[in-house]
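Working notes, structure below.
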Amino acid sequence: MLRPSLLALAVALVALPASAAADPAKLVASPAFKKAVAKLDADYDRTVADIVTLTEIPAPPFKEEARAKAYLEMLKAHGLTNVEMDAEGNVMGVRPGTATKGKGPFVVIAAHLDTVFPEGTDVKVKREGTKLMAPGIGDDTRSLATLLAYLRALDAAGVKTKSDILFVGNVGEEGPGDLRGTRFLFNKGPYKGRISAFFSMDGSDPSRIVDKGVGSKRYRVTFKGPGGHSYGAFGIVNPMAAMSQAVVDLYAVQAPKAPKVTYSASVTGGGTSVNSIPNAVFMEFDMRSESAAELAKLDQTFIGILDKVVAGENAARDTRNGKISYEAKVIGERPAGNTPQTAEIVKLTAGAITALGFTPQHEDSSTDSNVPMSLGIPAVTIGAGGKAGRAHALDEWIDVEKADSVKGMQVGLAALLAVAGVN
């Protein structure tokens with residue numbers, strides 16, 4: 001699990017002073033912001049076209065390259081500097097600030113390239129009125145197009161920020177990707193140690209501020225034994241019995257409600273035939289919490305359960321042909337973290353939401369912001385604007401009705417400018 005380190009210290013030493021920030025209410029009322037909004041409105045059909053274009057480029061987990069290359073060319077066309085793809089597959093470019101002139105520290109705004117859907121999924125966009133439907137269209141393709149719209153709006157309005165802004169299309173946010181894109185960005189990539197604030201744009205709701213990152217630990221546990229004939233070898237140890245007891249014992253654990261802790265026995269399989277005692281069975285387990293300490297405590301409890309049930313099965317039945325054992329393989333691990341509501345990025349984002357007529361909703365979730373949060377770097381996850389539904393389903397949809405969508409898009413732009421500061 002990622003922990004606060006020298007990276008967080010390095011960022012603290014180069015962070016911008018509070019005076020670089022801008023008051024969201026004044027910013028939203030400024031002529032320059034209104035001019036940028038006019039560009040968002042005038043250019044909205046292009047934004048919708050970008051959503052469709054990107055959605056129809058498949059980007060299953062670990063196979064985001066085609067979409068990444070297309071997005072890279074889009075970033076180049078929008079006049080950014082240092083446009084590149086890093087070794088993990090993230091694509092990015094810099095909009096230099098007047099105070100730092102492209103040398104950092106950087107305010108990052110990112111959206112993820114990958115979708116949760118496997119290779120071969122039909123991603124053709126269907127339209128019914130203002131509703132667009134396709135797998136991944138709202139999570140997170142709309143956000144990728146919104147970032148491009150911000151660039152056009154800022155350029156059209158002649159807005160110059162004090163801080164450098166790094167625009168990122170990152171890989172590996174969904175499921176098995178395990179936040180690999182943002183892990184690389186913060187720990188190994190060319191901007192390591194030079195990021196002072198991080199926005200992840202994920203989903204649509206413009207009132208949402210994710211300032212608590214839900215960490216997770218996921219295991220695939222394989223229980224092994226000698227196996228044998230269900231009748232002839234009856235009485236020998238059975239890995240299925242140990243696995244079943246593990247589920248029973250895990251679900252007897254009283255999970256704290258604050259901070260919230262959850263667990264789940266999720267996927268299972270194994271065995272040879274209905275008339276055989278299996279020699280191997282497996283189950284996948286998911287554990288989550290917004291508290292790193294509570295997640296670690298549950299992790300220890302779970303390993304203790306596995307040790308106990310294996311020992312119990314070996315004591316309960318015949319081991320003449322061999323004993324029960326287990327192998328617990330980590331298949332996913334996301335760090336927990338949070339950005340305090342007193343932090344500047346949270347206050348400014350809430351101010352932007354309020355200034356634009358929404359009510360801030362502070363939430364917890366598992367997003368790309370988990371990584372910087374766990375490192376002590378200010379981070380929040382925000383929505384791209386508009387309405388959406390059925391995320392992670394084949395009938396996922398977004399509503400691209402113009403007035404509602406453009407109003408929602410303004411929140412992210414105002415929050416970004418408030419944190420980056422304007423001249």
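The values are calculated or read from the model by the stated rules, or taken from the named source; none is laboratory data. Since this is a predicted model, take the numbers as computed values, not measurements. As a convention, Cβ positions derive from the backbone with ideal geometry for all residues, glycine included, and neighbour counts pool all protein chains shown. The accessibility values were calculated without ligands, DNA or RNA, using every heavy atom of the protein model including side chains. Shrake-Rupley method; radii C 1.70, N 1.55, O 1.52, S 1.80 Å.
General observations
- Per residue accessible area of the stretch 307-423, 1.4 Å probe, in Å²: 40
- Helix 44-55 and the long axis of the chain differ in direction by around 30°, with both axes built from C-alpha atoms.
- Potential lengthening of the chain between GLU128 and VAL267 amounts to 46.4 nm, from the contour at 0.36 nm per residue minus the alpha-carbon distance.
- The charge dipole of the chain, taken about its Cα centre with unit charges on the Cβ atoms of Lys, Arg (+1), Asp and Glu (-1) only, comes to about 800 debye.
- One chain, two ends: ARG220 and HIS392. Fully extended at 0.36 nm per residue, the span grows by 59.7 nm beyond their Cα-Cα distance.
- Accessible area of the stretch 147-305 divided out per residue, in Å², using a probe of 1.4 angstrom: 37
- Volume per residue for the chain equals 143 cubic angstrom (convex hull of Cα atoms).
- Straight-distance candidates among the lysines for linking to LYS192, with alpha-carbon spacing under 20 Å and chain neighbours fewer than 8 residues away dropped: LYS101, LYS103.
- Cα point-scatterer Debye curve for the stretch 110-244, base-10 log of I(q)/I(0) at q = 0.11, 0.19, 0.23 Å⁻¹: -0.63, -1.26, -1.50
- In the stretch 102-150, Cα pairs under 8 Å separated by at least six residues give a relative contact order of 43 percent.
- Part-to-part distance (alpha-carbon centres) for the stretch 354-391 and the stretch 108-157, which is given in Å: 16
- Subtracting the Cα-Cα distance of ASP155 and LYS69 from 0.36 nm times their residue separation leaves 28.6 nm of extension gain.
- Along its principal axes, the stretch 45-136 has C-alpha extents of 46, 31, 19 angstrom, given from the largest down.
- Of LYS34/LYS212; LYS34/LYS407; LYS212/LYS257; LYS188/LYS329, pairs whose Cα-Cα distance is over 20 Å: LYS34/LYS212; LYS188/LYS329
- Within the stretch 25-78, the chymotrypsin sites (Phe, Trp or Tyr not before Pro) that combine a DSSP coil assignment with at most 15 other C-beta atoms in a 10 angstrom radius are PHE62.
- Fraction of alpha-carbon pairs over 20 Å apart in the stretch 284-381 - percent: 57
- A simple spin-label model places the labels of GLU56 and ALA29 4.5 nm from each other, with each point 7 Å out along Cα-to-Cβ.
- Normalised contact order of the chain, rounded percent, pairs of Cα under 8 Å and 6 or more residues apart: 25
- Among SER325, SER369, SER230, residue whose mean-square fluctuation peaks in a GNM of the chain (springs only between Cα atoms under 10 Å): SER230
- Accessible-area composition of the chain, carbon plus sulfur, in percent [1.4 Å probe]: 55
- Cα-based Kirkwood hydrodynamic radius, the stretch 283-335, one decimal, Å: 13.0
- Once the Cα gyration tensor of the stretch 70-182 is diagonalised, semi-axes √(5λ) in Å: 28, 18, 11
- Calculated on alpha-carbon atoms, Rg and Dmax of the stretch 235-343 in Å: 16.9, 62
- GLU88 sits among other residues whose Cβ lies under 15 Å from its own Cβ, and their net charge, with Lys and Arg +1 and Asp and Glu -1, is -2.
- Using a Förster distance of 25 Å, the FRET efficiency for GLU333-HIS362 (Cβ separation, nearest 0.05): 0.50
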